[in-house]
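> Submitted below is the structure of interest, expressed as structure tokens.
The values are calculated or read from the model by the stated rules, or taken from the named source; none is laboratory data. Values in this document were obtained by computation on a predicted structure and should not be read as measured data. All Cβ positions, glycine included, derive from the backbone under ideal geometry; neighbour counts span all protein chains shown. Note: areas computed on protein heavy atoms with side chains; ligands, DNA, RNA excluded. Shrake-Rupley method; radii C 1.70, N 1.55, O 1.52, S 1.80 Å.
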Amino acid sequence: MSYPQAFRYSKEHEWVRLDEDGTAVVGVTHFAQEQLGDIVYLALPEPGTSVVQFAKLGEVESVKAVSDIFSPLGGTVLEVNKEAVDHPEVVNQEPHGRGWLVKLKPGDLGGVRNLMTAQEYEAFLAADGTKRH
Amino acid sequence: MRQPPGEESGLCRESGLTLLMDQSRPGRVGASLPELDVPPQELPPDDLLRRDLPLPEVSEPEVVRYFTRLSQMNFSVDTNFYPLGSCTMKYNPKWHDDVAAMPGMADIHPLQPEETVQGSLELMYRLQRYICEIAGLAESSLSTLAGAQGELAGVLMMRAYHLDRGDRQRKVILIPDSAHGTNPASAAMGGFSVVSIPSTAQGDMDLEALSSAASPEVAGLMITLPSTLGLFDRHIREICQIVHRCGGLVYGDGANMNALLGKVTLGALGFDIVHLNLHKTFSTPHGGGGPGAGPVCVAQHLAQFLPAPVVEEFRSTDERCYRFATPEQSIGLAGAFHGNFGVLLRAYCYIRSMGKAGLRQASEDAVLNANYLLSRLRDVYHLPYDRRCMHEVVFSARNQKAGGVRALDIAKRLLDFGIHPPTMYFPLTVEEALMIEPTETESKETLDYFIDVMRQVAKEAQEKPEVLKLAPHHTPVSRLDEAKAARQPDLRWRNRKG
Amino acid sequence: MEGPGPSWPYLPNTPSDRQEMLRAIGVSSVEDLFADIPDELLNPALQLPTPAAELDVRREVEALARQNASPGGYSYFLGGGAYRHFIPSLVGRITSRGELATCYTPYQPEVSQGTLQATYEFQSLVCGLTAMDVANAGMYDGATALAEAVLMACRVTGRDRAIALDTLSPRYKRVIETYVRPQGITVDMVPFTVPEVPDDAACLVAQYPNFLGNIEDLAFLERKAHEKKALLVVSVDPIALGLFKSPGEYAADVVTGECQPLGIGLSFGGPYVGLFACRERYVRQMPGRIVGRTTDSQGRTGYVLTLQTREQHIRRERATSNICTSEALVATSAAIYLAALGRQGLRRVAELCYHKAHYAASLIREVPGYKLPFQAPFFKEFIVQVPAPVKEINRRLLDRKIIGGLDISDLVPNGMLLCVTEMNTKEEIHALRDALAWAAREAR
């Protein structure tokens, strides 16, 4: 699995992609979905909710586990991926694409500096990433 | 278990047994009722009355066959070895059911005047005394309806005790990382936050971590003994002392009491509150998820907080009499009435028939059986804590995992041999955990069969792992799609004909 | 009798089995296995009875049972939350099967389809009866089900205040308080005549029929609750729903209730089972187990425990409830009862109760000294104001082998809550009337 170069990654296995229109798209990584197994339910914040970098954004549930999703950037929630909410299996199938979770209007873009590049994330996975929090 | 022949021939209407509403035909009834023997009375206005009652219409033989056929799709203690760790699936004596169905016990009303239920009250009083004796504590209440409700009562008693002393800062309950999920859930329902205490590599509680967590904010510790690792914590007295020194109370989850009957009392070790699971240790049938009973026992200084009601003895003229009482500062009523009496009655029969010597023998045999499994399986399954166990032994399937077989696959394969699997993936602190509790009611022959099967399965895991991964092969249904069940919940009958 | 010492029928190990196992383990005595227990505390002297045979214990319990007054010798007019109803034999015959009674919670669905499908039936029957969208596998009893409903309403609304009508069972109110107080939730009682719902209320709680036996005006209560965006929570007697409109038809949000009347013996208060049903949108906030229908790897229909992430074994301190073992076998009894009685039978039972209770009320109203203070429609229970302390009247009824009504003189002066079901014959009802008349004369 190769991790998209354009994304930035958190140690909690979320990714963020900054689009040209100024929105930030957030999802969980391929590694995270693999660890979670069959994802059955997503609990995500309503649009308009403000979120803090690395604070809880929502929850992802598999059949027998619940994991918190932490926001890789701070900002305001603009949109929730309705397709992923209705069909959580898309997060398993396309975690870096159709399975995105929310779009944010980022607060402080400087927060990106706290995230990893694809190379750094892959190195992180190789070294330490198997220990989920 | 075999599939009905219709399965292959396509004659079955569907693979599962047809649901009641789909069997329903207008006009059928499954029970008869007497004619009205009084003059009919005026019914209330129409707008208060129900127009339609969407219940099934099936005949009596259909009801009997349906539920009997359903029952045949279960594994149970009566039909299978059931070494499900931490659940104590021991044999449930049949005559206890007859006693619980006895006229004068099964058919009495919970709110009858107390002078008309002296027999039941006396029985409850005796049972209170017996379980106090077994727990080594002063007083008890039988009113809590299951283990988790006993836990909640224990947590609420901690709260009441501290508040009564004007001690309002105690917001934290300490819980070992190997605890059952009910412990933190009960603590949260009682309004507390939870701090988890790790275990050492030997499987005992980490005393250093406990000491540094023991602060004036701690209301108490909830601990299971033996632990969910099946181990008797060698520092248990020290643990109680540390908690007491910081002003906290020690709560004992009695889930694993089957190891300790008559061998040691939790009270003597320093516990303040204990709940007992009558549906585990005291042989009342588990019923596929209840009914149970989780009475609580407490040291004298907590008796005033017990859940209501308790039964007390008093003298009226020359006679010994019994009545319900509400302890002075009771945490309240646990359920609508006085506890699961039908369950209490069975536990009473168990304690009376086993007696002191029998209870002790039961625990000794339970521990012996578990250690026998430990010593005969340790060369094929990894033993994460290399020491003697109590009534259950926790293995890890990590040797097998290397070859791609998970604890789940081993469990599912056991079903093909007519054995209910051990508890899997619990405690959470053990990788690929397989927690095996044989209980004392299984013979050596059964244990030897289980050992042979477990060894055979370990061999299969190496040689033909696909057999395990596709198991079970001989059950009414194969592995079920749990993800589908959770993604598109289908939780009740609906008219699928449209 | 000579032998190796006492033996117990549930302990198959013989002394030689034990020796063999000890050898395999590599220890000389069983005490070596208990070496982690401090020596001075091992094998304490306990005050417990000596072992007794089945026959001995049976005789002992029979002797205790003879000290109880029971339906064999008495007629019953007592309700108040637990009710004598007819139980067809098939209920007990089926649930006494070991395959249903001696299994654990169905965590291994491949060998638990019996329990799972029976539970799915229970959920379906509860939904049908209450006219609600979803139901769980059952709670401990009607009171704890209601307490959990109040907690759920608080989670759903983010509010921490519950309003309950003062016609709620005092026992139920006490159980709610046990459950909600530690979480900082308050329960305020409001008069049923003026049920004001404040803006910050999580729910309005009503009993149907209420504790006094009357049918509450649910249409009115629904408006009162929903105009403040509070949930309407209704605790039911399921037998009444055979005759009266269901709370679901009044747009209730959560329905709970005591299933004991559905084929469960009185058993001095338990085990019973609580029903818990709600609107689909709240399903992930429900406490307790839920069974769902799915397919197996070969496409066959099967049943599993589902939506388990709500529960304590997964979500631990953030679970919707701590409930684990509940009352599965009792719920199965209720399902069998409802299946057997069915659409026509439940209506019949409800009508028999209704007519007999109203007939009894019409006779007692004519007895000098007795009054029926309420005019509202009632089902199978009603209040009678008696001409002497209720205790005294009841003591005299006992002399005539009648278990009288519940003493509720703390709620209604000289109030007795009488209950009449299909179990009470016309002769019993007449004998009650005569005994009440006699008791009133004697008490003067």
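> Which count do you get for residues in the range B:1-22 that are at the interface with chain C (Cβ under 9 Å from one of its Cβ atoms) and modelled with pLDDT of 95 or more?
Total meeting the criteria: 3.
> One residue is enough: does the range B:154-163 have a residue meeting the conditions under 19 Å from the mean Cα position of the chain (by Cα) and not in a loop (DSSP other than H, G, I, E, B)?
Taking every residue of the range B:154-163 in turn, at least one turns out to be under 19 Å from the mean Cα position of the chain (by Cα) and not in a loop (DSSP other than H, G, I, E, B).
> I'm checking my understanding of the structure. Among residues of the range B:54-82 that are of a type in the set (F, W, Y) and assigned to a helix (DSSP H, G or I), which one is nearest to the other protein chains (Cβ to nearest Cβ)?
B:F67
> Give, as residue ranges, the helices (runs of 4 or more DSSP H) completely inside the range B:307-425 that count at least 3 residues that are touching a helix residue (DSSP H, G or I) at 6+ places or on another chain (Cβ under 9 Å) and assigned by TED's automatic domain parsing to the domain that holds B:D107.
Per the criteria, B:341-377.
> Do we find that C:R18 is within 7 Å of chain B (Cβ to nearest Cβ) and among the basic types (K, R) in this structure?
Details: within 7 Å of chain B (Cβ to nearest Cβ): yes; among the basic types (K, R): yes.
It is true that C:R18 is within 7 Å of chain B (Cβ to nearest Cβ) and among the basic types (K, R).
> Applying the selection to the range C:228-257, what residues are touching a Cys at 6+ places or on another chain (Cβ under 8 Å) and away from chain B (no Cβ under 13 Å)?
Hits for the range C:228-257 are C:A230, C:L231, C:L232, C:V233, C:D253, C:V254, C:V255.
> Another question, then. When both residues are 6+ apart or on different chains and their Cβ atoms are under 8 Å apart, which pairs have a first residue that lies in the range B:18-29 and is at positive phi, and a second that is open to solvent by less than 40 Å² (accessible area, probe 1.4 Å) and at pLDDT 95 or above?
B:G27/B:E57
> Filtering the range B:83-142 down to residues that are among the hydroxyl-bearing types (S, T, Y), within 8 Å of chain C (Cβ to nearest Cβ) and within 23 Å of B:G287 (Cβ to Cβ), which residue is least open to solvent (accessible area, probe 1.4 Å)? Walk me through it before giving the result.
Within the range B:83-142, the first condition is being among the hydroxyl-bearing types (S, T, Y), and the residues that meet it are B:86, B:88, B:91, B:116, B:120, B:125, B:130, B:140-141.
With within 8 Å of chain C (Cβ to nearest Cβ) added as a condition, the list becomes B:91, B:116, B:120, B:130.
Then keep just the ones that are within 23 Å of B:G287 (Cβ to Cβ); that gives B:91, B:120, B:130.
Values: B:Y91: 73, B:S120: 0, B:Y130: 32 Å².
It comes out as B:S120.
> Look through the range C:329-354, keep the residues that are more than 21 Å from C:D141 (Cβ to Cβ) and either of a type in the set (K, R) or open to solvent by 20 Å² or more (accessible area, probe 1.4 Å) (or both), and return whichever of them is farthest from the other protein chains (Cβ to nearest Cβ).
Per the stated criteria, the residue is C:E351.
> Next question. So, A:F54, is that one in contact with a Ser or Thr (Cβ under 8 Å, 6 or more places away or on another chain), on the phi > 0 side of the Ramachandran plot and not acidic (D, E) or not?
yes
> Of B:R492, B:R455, B:R479, which residue is touching a residue at least 24 places away in the same chain (Cβ under 8 Å), crowded, with 16+ Cβ neighbours inside 10 Å and basic (K, R)?
Residue meeting the stated conditions: B:R479.
A quick yes/no check of all residues on (1) under 23 Å from the mean Cα position of the chain (by Cα); (2) surrounded by fewer than 24 Cβ atoms within 10 Å (Cβ to Cβ); (3) farther than 30 Å from B:K171 by Cα:
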| position | (1), (2), (3) |
| --- | --- |
| C:F268 | yes, no, yes |
| C:R284 | no, yes, no |
| C:V291 | yes, no, yes |
| C:T295 | no, yes, yes |
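> Quick one: would you say C:R310 is surrounded by fewer than 20 Cβ atoms within 10 Å (Cβ to Cβ), more than 8 Å from chain B (Cβ to nearest Cβ), under 30 Å from B:V195 (Cβ atoms) and touching a residue at least 12 places away in the same chain (Cβ under 8 Å)?
Values: surrounded by fewer than 20 Cβ atoms within 10 Å (Cβ to Cβ): no; more than 8 Å from chain B (Cβ to nearest Cβ): yes; under 30 Å from B:V195 (Cβ atoms): yes; touching a residue at least 12 places away in the same chain (Cβ under 8 Å): yes.
Taking the combined requirement at face value, the residue does not satisfy it.
> Output the residue which, of all residues in the range C:28-71 that are facing another protein chain (nearest Cβ under 7 Å) and of a type in the set (S, T, Y), is surrounded by the most Cβ atoms within 10 Å (Cβ to Cβ).
The residue in question is C:S70.
> Name the residues in the range C:72-87 that are at the interface with chain B (Cβ under 7 Å from one of its Cβ atoms) and either touching a Lys or Arg at 6+ places or on another chain (Cβ under 7 Å) or exposed (fewer than 15 other Cβ atoms within 10 Å of the Cβ) (or both), would you?
Correct list: C:G72, C:Y76, C:G81.
> Taking the conditions exactly as written (within 30 Å of C:T332 (Cβ to Cβ), modelled with pLDDT of 95 or more and not in a helix (DSSP H, G or I)), does C:I94 satisfy them or not?
It is false that C:I94 is within 30 Å of C:T332 (Cβ to Cβ), modelled with pLDDT of 95 or more and not in a helix (DSSP H, G or I).
> Just for helices (runs of 4 or more DSSP H) wholly inside the range C:126-231: which have at least 3 residues that are of a type in the set (D, E, K, R), more than 30 Å from C:L341 (Cβ to Cβ) and open to solvent by 40 Å² or more (accessible area, probe 1.4 Å)? Outline the logic, then answer.
On the way: elements: C:142-157, C:170-180, C:218-226.
It comes to C:170-180.
> Using the structure shown, decide if C:S326 is out of contact with any strand residue (DSSP E or B) (no Cβ under 8 Å at 6 or more places or on another chain) and facing chain B (nearest Cβ under 8 Å).
No: the conditions fail for C:S326.
> If you don't mind, another one. What tally of residues in the range B:386-404 results from selecting those that are within 25 Å of the chain's Cα centre (by Cα) and open to solvent by 20 Å² or more (accessible area, probe 1.4 Å)?
1
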